[in-house]
Amino acid sequence: MLDLLFIAVIDAAFIFIPGYCALRAFAFSRVEAMSFSPFVAVAAYSILAAAYAVAGIQSSWFSLIAPVAAVDVVLIALRAVRLGRGGCGFGSLPSRSTVLVFALYVVFGVAVSLMVFIPSICEPDAFVREYDNIHHLGITYGYLHGGDWSSFDNTLYPTADDQAMSPFDYSGYYPSAWNCIAAMGGQLVGASAAVSVNAMNLATIAFVFPLCMFCFMRVVFAALPSVIPFGALLCLAFGGFPWAMLVYGPLYPNMFSFAMLPAMLSGFILLTRPDAPRWKRAGLAISFCTALLSCVFSQPNSVFAAAALLIPFCVYRIAQFVDGKKEMGKKARVLLKMGACAAFLAFAACVWLAFNKASFMQGVVSHNWPAFRTLGEALADVVTGSYRLDVQQGALMFFVAVGIVAAFFDRRFLWIVFSWLLSVIIYIVGVSTDAPIKQLLSGFWYNDSLRVAAFAVVAAVPLASFGLWTVSRGTASLVKRITRHSSEGFAFRCVSTALLLVAGLCVFRPFETVSLQYSDKELFPHLAVTLNGMYNPQGGSVYDRCEKEFVEGVKSVIPEGALVINVADDGSAFAYAVDGLNVYYRYLTDYDSEYETADSQLIRNGLANIASDVSVREAVARSGAEYVMFLDWGEDGLSPLGRSFFFTYGDGWKWRNMLSVNDETPGFELVLSRDDMRLYRIDVTG
């Protein structure tokens, strides 16, 4: 597992260091550079990969990092020369308190990840056997073993040989920055796709989200810095994010994109500072545009998540700007403030509606996720913080409630309350109704309440931190009065440390979580056991250990690279990315669609008739397939061992003809047999 952490550190370095160095060379402050650094790296790698694909150049970890590092060196050297000093020109060292708080976020991020994520995954190359992970693993495997890393050429058939035999006539755009960085770290150390994916997820949880939240907290609570350390503990305490995205889907690329979301918010806040000089504002504006561009390559719905969370902030900033017009009378300022805020909200609503109705968005906003909660249940989800995980986090939501109340007394932070309220309203509508307003409000996130709950957590973390700080401050004042100690600061530090320790023990339940003691009342033990079951390769799952061992046996008896026709829904779709078996069917859907080739349809619907049907023989010959493999073989596709199929299998209608192949079917020679698994060599020479 230390190897996994080592690769995760490399991934985090790829994400933060190049952009940070470049922005510091442009005289950005530390928090400004830190806020925008992930987006600079994501945009740079993704644009380079796309350009390489057009130019016919192979992408690799070195071909992506080398030009970025070279630019960094040149920029740093130019800044040092301009300043007339021999150093890098990065200025003085940060204060000790800043370093300590930064370290606190890193330490908590790593500690919580090692406590929850690492014990759950069993072994470094374990993987979740769920629908979305076929794509995540497959694209990463293609990047590790091929040279086209462009987000605009996404396919599970990446090589020229693959494309020649592909059963589908398409490859297209899919945001793949997550896969790109996972492949960079994995390729550097020679890791498999599964290890690379796990390391990238570990980097996202342990480093990316905590450090981006650190930037957000530093900007939001710049005037109240004693709140910032509380976010170190609480940023990973909510089940809604990032943990739920490991359980459902899984939604790894969206998790990575949302992990950077707090940094995007902090970047926008810095951009709109009233005291920012023009040259700095121009630089921040360019950097923010770079952040928006990076979302094209990570996950575009992050832009809409940022918009939802920033709308209340924009209202706050407009009101703040009008309040600064001291030359106007109070009544005039109030009227101008109301009019300007109303005009902005009307503008934001029009832009929201325009994007929602845009033709290029209809495939996303019209995605169907039926309501599964009553209004009362949806409200209970929000109040208890349970969301889709159905495990209450009442103590955590108590701190959110305290933070909300405290924000009404310190109105500098009141906008965060409305950001959180807007996000939970979108969640409530998304889970409790199928009315048209659902598509309007939650359509940008595929009408998937899980993704909405995720960015609601981004707003909840500063509120909970503010709430815990408020409790600490109040308790410290009480302790000072009782003990008559002269230093309230000392009392506050002691109380804060004690509360952080107690809150950490109560929220994360480390002993039960690490030992995988199941609980239906405590989130993290429940989460660890759930994840462990998903990663567990034992029997009963799609592509279990027995099937994986059979695939290894298949690889040992067939020529290297031989094409194997398969039934994707029996788990063999994973055999490509996990075990490197050259299977014909690597997707679970789009069969009998406009995208499927005529040869593929002939093979799926007529393979059992290969001995008598010339057209089927010719289709198989054109594909180059030499073998057929079944992992859940049985009469009418019903495995006698009752192994699992993917939900896309249905009743097996799309594979029915293929599944009728047996040991006596003409044109097939049995090569390998174990339990309900079969490998046949296609033999029509006789």
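The values are calculated or read from the model by the stated rules, or taken from the named source; none is laboratory data. All values derive from a computational prediction rather than experimental measurement. Glycine also receives a Cβ, built like all others from the backbone with ideal geometry; neighbour counts cover every protein chain displayed. These area figures cover heavy atoms from the full protein model, side chains too; ligands, DNA and RNA do not enter into them. Shrake-Rupley method; radii C 1.70, N 1.55, O 1.52, S 1.80 Å.
Structure data summary
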item: Selection within the stretch 162-173 - without any contact (Cβ under 8 Å) to a residue 40 or more places away in the chain, surrounded by 16 or more Cβ atoms within 10 Å (Cβ to Cβ) and in a loop (DSSP other than H, G, I, E, B); result: 171
item: Every residue from the stretch 118-143 that is in contact with a Ser or Thr (Cβ under 7 Å, 6 or more places away or on another chain) and hydrophobic (A, V, I, L, M, F, W, C); result: 139
item: One residue from 490, 466, 508 being in contact with a helix residue (DSSP H, G or I) (Cβ under 9 Å, 6 or more places away or on another chain), within 14 Å of residue 402 (Cα to Cα) and not acidic (Asp, Glu); result: 466
item: Matching entry among 262, 312, 277, 225 (being modelled with pLDDT of 95 or more, more than 20 Å from the chain's Cα centre (by Cα) and either under 26 Å from residue 103 (Cα atoms) or open to solvent by 10 Å² or more (accessible area, probe 1.4 Å) (or both)); result: 312
item: Every pair of residues 6+ apart whose Cβ atoms lie under 7 Å, when the first sits in the stretch 110-130 and is under 26 Å from residue 234 (Cα atoms) while the second is open to solvent by less than 20 Å² (accessible area, probe 1.4 Å) and in a loop (DSSP other than H, G, I, E, B); result: 112/236
item: Condition met for residue 217 (under 11 Å from the mean Cα position of the chain (by Cα) and either at pLDDT 95 or above or open to solvent by 10 Å² or more (accessible area, probe 1.4 Å) (or both)); result: no
item: Selection count, the stretch 392-410, where residues are crowded, with 20+ Cβ neighbours inside 10 Å and not in a helix (DSSP H, G or I); result: 1
item: Within the stretch 8-42, considering residues that are open to solvent by 10 Å² or more (accessible area, probe 1.4 Å) and β-branched (Val, Ile, Thr), the one modelled with the lowest pLDDT; result: 31
item: Selected residue [within 22 Å of residue 420 (Cα to Cα), out of contact with any Pro (no Cβ under 6 Å at 6 or more places or on another chain), assigned to a loop (DSSP other than H, G, I, E, B) and not basic (Lys, Arg)] from 371, 348; result: 371
item: Selection count where residues are more than 18 Å from residue 57 (Cα to Cα) and either part of a helix (DSSP H, G or I) or open to solvent by 40 Å² or more (accessible area, probe 1.4 Å) (or both), scope the stretch 141-161; result: 1
item: Filter pass, residue 552 being out of contact with any helix residue (DSSP H, G or I) (no Cβ under 8 Å at 6 or more places or on another chain), modelled with pLDDT of 90 or more and open to solvent by 30 Å² or more (accessible area, probe 1.4 Å); result: no
item: Breaking point among (1) at pLDDT below 85; (2) under 31 Å from the mean Cα position of the chain (by Cα); (3) open to solvent by less than 40 Å² (accessible area, probe 1.4 Å); (4) of a type in the set (A, V, I, L, M), for residue 523; result: (1)
item: Any hit, the stretch 29-42, residues being small (Gly, Ala, Ser), more than 24 Å from residue 282 (Cβ to Cβ) and free of Cβ contacts under 8 Å to residues at least 60 places away in the same chain; result: no
item: Conditions (1) in a helix (DSSP H, G or I); (2) open to solvent by less than 50 Å² (accessible area, probe 1.4 Å): number failed by residue 543; result: (1)
item: First in the stretch 301-330 and farther than 22 Å from residue 364 by Cα, second anywhere and basic (Lys, Arg) and open to solvent by 40 Å² or more (accessible area, probe 1.4 Å), Cβ under 7 Å, 6 or more apart; result: 319/337; 322/333; 322/337; 323/333; 325/333
item: Leading residue by the ranking (most open to solvent (accessible area, probe 1.4 Å)) among those in the stretch 570-593 that are in a helix (DSSP H, G or I) and under 16 Å from residue 137 (Cα atoms); result: 578
item: Index of the failed condition, residue 356 passing every other in (1) part of a loop (DSSP other than H, G, I, E, B); (2) within 23 Å of residue 454 (Cβ to Cβ); (3) open to solvent by less than 70 Å² (accessible area, probe 1.4 Å); result: (1)
item: Selection within the stretch 109-127 - surrounded by fewer than 23 Cβ atoms within 10 Å (Cβ to Cβ) and closer than 25 Å to residue 149 by Cβ; result: 124, 125, 126
item: Single unsatisfied condition, residue 561 versus (1) open to solvent by 10 Å² or more (accessible area, probe 1.4 Å); (2) among the small types (Gly, Ala, Ser); (3) assigned to a helix (DSSP H, G or I); result: (3)
item: Only listed residue being over 19 Å from residue 49 (Cα atoms) and either buried (at least 24 other Cβ atoms within 10 Å of the Cβ) or touching a residue at least 60 places away in the same chain (Cβ under 8 Å) (or both), chosen from 137, 236; result: 236
item: Matching residues in the stretch 120-140 - criterion: being among the small types (Gly, Ala, Ser) and in a loop (DSSP other than H, G, I, E, B); result: 126
item: Boolean, residue 302 is closer than 29 Å to residue 139 by Cα, surrounded by fewer than 12 Cβ atoms within 10 Å (Cβ to Cβ) and either within 34 Å of the chain's Cα centre (by Cα) or not hydrophobic (A, V, I, L, M, F, W, C) (or both); result: no
item: Members of the stretch 655-686 found to be in contact (Cβ under 8 Å) with a residue 60 or more places away in the chain, closer than 27 Å to residue 537 by Cα and not in a loop (DSSP other than H, G, I, E, B), listed by number; result: 655, 658, 659, 671, 672, 674, 677, 679
item: Any pair with Cβ under 8 angstrom, 6 or more apart, that starts in the stretch 440-459 at a residue that is charged (D, E, K, R) and ends at one that is not in a helix (DSSP H, G or I); result: 448/367; 448/369; 451/251
item: Filtered residues of the stretch 597-609 (kept if open to solvent by less than 10 Å² (accessible area, probe 1.4 Å) and not polar (S, T, N, Q)); result: 603, 604, 606, 607
item: Within the stretch 63-79, tally of residues that are open to solvent by 40 Å² or more (accessible area, probe 1.4 Å) and free of Cβ contacts under 8 Å to residues at least 40 places away in the same chain; result: 5
item: Residue in the stretch 197-205 that is more than 23 Å from residue 143 (Cα to Cα) and surrounded by 24 or more Cβ atoms within 10 Å (Cβ to Cβ) present; result: no
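Matching residues to (1) of a type in the set (A, V, I, L, M); (2) touching a Phe, Trp or Tyr at 6+ places or on another chain (Cβ under 7 Å); (3) in contact (Cβ under 8 Å) with a residue 12 or more places away in the chain; (4) not in a helix (DSSP H, G or I):
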{"position": "381", "(1), (2), (3), (4)": "no, yes, yes, no"}
{"position": "415", "(1), (2), (3), (4)": "no, yes, yes, no"}
{"position": "418", "(1), (2), (3), (4)": "no, no, yes, no"}
{"position": "422", "(1), (2), (3), (4)": "yes, no, yes, no"}
{"position": "427", "(1), (2), (3), (4)": "no, no, yes, no"}
{"position": "434", "(1), (2), (3), (4)": "no, no, yes, yes"}
